[in-house]
Structures are given as structure tokens and as C-alpha cells.
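*Asks:* Below you will find the structure I want to go over with you.
The values are calculated or read from the model by the stated rules, or taken from the named source; none is laboratory data. Fair warning: this is a prediction, and the values are worked out from it, not measured in the lab. No Cβ is skipped: glycine too gets one built from the backbone with ideal geometry, and neighbour counts run over all protein chains shown.
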Amino acid sequence: MSKFTFNRFLSYFFRGLVFVVPLALTIYIIYEILDWLDSLIPVNIPGLGLVIIIVNITFLGYLASFFITRPFFDQLEKYLVKIPLVNIIYTSIKDLIGAFVGDQKKFNVPVTVALTEGGAILKIGFITQTDLEMLDLPGYVSVYLPHSYNFSGNHFLVDKMHVKPLNMNGADAMKFVVSGGVSGLDEKVD
């Protein structure tokens, strides 16, 4: 086999690898999550457990917004918040989920934060609170700075003069940060 043919073979192999590995891992992760959710309700029909979970969550959401049953859910939440350890876990998870899918989405204002005095190093983040006067920090904002290739991040209180809005939507900005800067710039929002 000539060197040219071998190099072309390697080039095609790596191009195929770049296509197959993300696709296979995406399918595998989705399958595992769906399989785990389906196994929460043990029924012998594949997928039925997942359907039952989705229907029940939707029904609970309907009941929680219905004017007659809403006070029951509000009272249950008040009791949960009074339990010391449960309070921290419950409110943190509720606020995090609400930040992505709730009525008051929090990760929809992408910004850059200057990490150096001259602004030579910038980090992309999301404003989560615009007014911190209650913390005796007028002129500061709360910014969440996600990590790349991870589902974690840091939270900073930043002087507004070091924060600049980005001209892109929150989903693309999050994709850009989480991917380490390799995706999320395909579409620019005007």
C-alpha cells in the first residue's frame, strides 16, 4: 500500500470517526437515560414506564396550576422549605430547573466578563441577578460562568463595568462554552 493511499485511508477513517463517535455516544446516552427512566416503573412493556412518568408529571403540573388544587401544592412546598436539609436541596434543585425551563429563565442573558484589568482575557457567562443592592453591592451583578466539557460552573459577583452583553442567544452561548468554544457560533442572533 503506498503512503498516499494509506494517508487517504487515515483521513477517511478520522472523518468517519468524527461523525460516528458523537452520534453513537448521543444515541447511547439518550438510550441509557430513557432506559433508566423506563425502569422506574416496572412494567413489562418497553417504553410504557416512561409514558406513565411523562403523563403523571404533566398531570401534576396541571393540578399545580389549577386554582382549586394550587393551595395544596403551595402548602406542601411551605412544609418542605421548613425542613432544614430538605430546604437546601429542594430549593436549589427547584431554582436550577426553573432557571432552564421555568417562567423566569435565568440563562438567557449571555455576557462576557473581563478577568483582567485591561480586558485581555474574557470569559462567557450568564447574568442570573441584575441587582445586588440587598447584599450591599450596588453596581454589581450575579454571573454564572459554566465550565467547558462539564455540567458545572462558578458563580461570581462582578462589577457591572466588567460585564458586556453578547449578541447571541443563551442556548448558543451555553453550547459554545460547554463545547470548549468549538460549537455554538453557527447562527448569530440579530
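*Asks:* Hey, among the residues in the range 72-92 that are at pLDDT below 85 and loosely packed, with under 10 Cβ neighbours inside 10 Å, which one's farthest from Pro146 (Cα to Cα)?
*Replies:* Pro84
*Asks:* Additional query: Which of the residues that make up the range 47-65 are over 24 Å from Leu34 (Cα atoms) and surrounded by 11 or more Cβ atoms within 10 Å (Cβ to Cβ)?
*Replies:* Leu63, Ala64
*Asks:* Taking the range 63-95 only, how many residues are of a type in the set (D, E, K, R) and under 30 Å from Ser152 (Cβ atoms)? It would help to see each step written out before you state the result.
*Replies:* Filtering the range 63-95 down to residues of a type in the set (D, E, K, R) leaves 70, 74, 77-78, 82, 94-95.
Add one more test, that the residue is under 30 Å from Ser152 (Cβ atoms), and what stays is 77, 82, 94-95.
Of the residues in that region, 4 qualify.
*Asks:* Look at Glu32 and say whether it is of a type outside the set (S, T, N, Q) and surrounded by 12 or more Cβ atoms within 10 Å (Cβ to Cβ).
*Replies:* Working: of a type outside the set (S, T, N, Q): yes; surrounded by 12 or more Cβ atoms within 10 Å (Cβ to Cβ): no.
When the stated conditions are applied, Glu32 does not pass them.
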